């Protein structure tokens, strides 16, 4: 029986523009198909922070500057980016599967994820979306729109929106069926389109971005995956990051990870949700493990040669 692997793709696997993304996803697809060749049933989640901010800003600018387009609600912007990122990934994976002579279908599922309307995140926006701005430009946009901006890891200022916890993946039964057919499945794109449930089958979009690592961890749990793999910009998780005493970690237990979190080693908008997502998955599964590594080291990491593995104890 094939092992199930849920991959959460970081923003470095995608581009800032559709044209750049089409190029970047070729390398991403190569890594994904490497893992298919290793014998895994692969399910892919991905982020959309830069893309959803870009789409939202474009519609807003056009609506407010004579372009004649309507302002587009944030959930619809999430659905658009989920669709076009999924389309790019799907094309690239299908091309790579065919190039290697692997007869396996690939499908992208536009996915809604239920959140709790009383989630405290709605009172405290933390999820960066869109492009980086100088402080001056960010202050100007805040004055014009009332958006919330934060300084993001020394790279500039970004808009932040609420990031509620995923409660339920609406299209999970469809994803289950596709995985059962050994398809490569792209789902919970951008963390899923955030919706609240008004009643059975009655869902309503809300202005938020669900963290893609948390959504992927929820997906991995619901699919009884053998491993959650979070692919990011670094090969290993580090403590004392970017300091002279930086230490790269090969392995963490849940207890150690919680201690590092308490000591403030992981940045809230960066590594913290990744480590917390791994804890959530490993803690609630019987034999599953979690792995954090870079896109280009994924195959080596699955072979135990690099990356940071998180285990129960």
Subject >> Residues 135, 274, sorted so that the one with the fewest Cβ neighbours within 10 Å comes first >> reply: 135, 274
**OP:** Counting helices only, and only those DSSP H runs with n ≥ 4, report the 222 nm mean residue ellipticity of the chain as the sum of -39,500 (n - 2.57) divided by its residues, in deg cm²/dmol to the nearest 500.
**Re:** -12000 deg cm²/dmol
Subject >> residue 176 paired with residue 242, simple spin-label distance in nm, labels 7 Å along Cα-to-beta-carbon >> reply: 4.3
Original post:
Going by how many other beta carbons lie within 10 Å of each one, how would you line up 88, 46, 265, fewest first?
Top reply: 265, 88, 46
Original post:
So how long is each side of the range 89-226 along the principal axes, counting just the alpha-carbon atoms, biggest first, in Å?
Top reply: 53, 41, 25
**OP:** Please work out whether the range 149-253 counts as rounded, prolate or oblate from its C-alpha gyration tensor, where a ≥ b ≥ c are the square roots of the eigenvalues and a/c under 1.5 means rounded, while otherwise a/b larger than b/c means prolate and anything else oblate?
**Re:** oblate
Original post:
Using a Förster distance of 30 Å, how high is the FRET efficiency between residue 58 and residue 38, based on the Cβ-Cβ distance and rounded to 0.05?
Top reply: 0.15
Original post:
Most mobile of 292, 165, 210 per a Gaussian network model of the chain (Cα springs, under 10 Å)?
Top reply: 165
Subject >> Tensor-based shape of the range 62-157 (alpha-carbon gyration tensor, a/c under 1.5 rounded, otherwise prolate or oblate) >> reply: prolate
Original post:
For the chain, what is the convex hull volume of its Cα atoms per residue in Å³?
Top reply: 143
**OP:** Express the relative contact order of the range 235-313 as a whole percentage, based on alpha carbon pairs under 8 Å and six or more residues apart in sequence.
**Re:** 40
Subject >> Shape call, the range 235-313: gyration tensor on alpha carbons, a/c limit 1.5 >> reply: oblate
Original post:
When the chain is modelled as a GNM with alpha-carbon springs shorter than 10 Å, which of 199, 288, 47 fluctuates the most?
Top reply: 199
Original post:
Among 277, 270, which comes first, second and so on when ranked by fewest other beta-carbon atoms within 10 Å?
Top reply: 270, 277
**OP:** Could you work out the relative contact order of the chain, using alpha carbon pairs under 8 angstrom and six or more residues apart, expressed as a whole percent?
**Re:** 21
**OP:** Would you look at the GNM of the chain, springs on alpha carbons closer than 10 Å, and say which of 183, 134, 216 moves the most?
**Re:** 134
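Rule-based calculations on the coordinates, nothing more; no lab input. Keep in mind the model is a prediction, meaning the values are calculated, not measured. Positions of Cβ are generated from backbone atoms using ideal geometry, with glycine treated the same way; all protein chains shown enter the neighbour counts.
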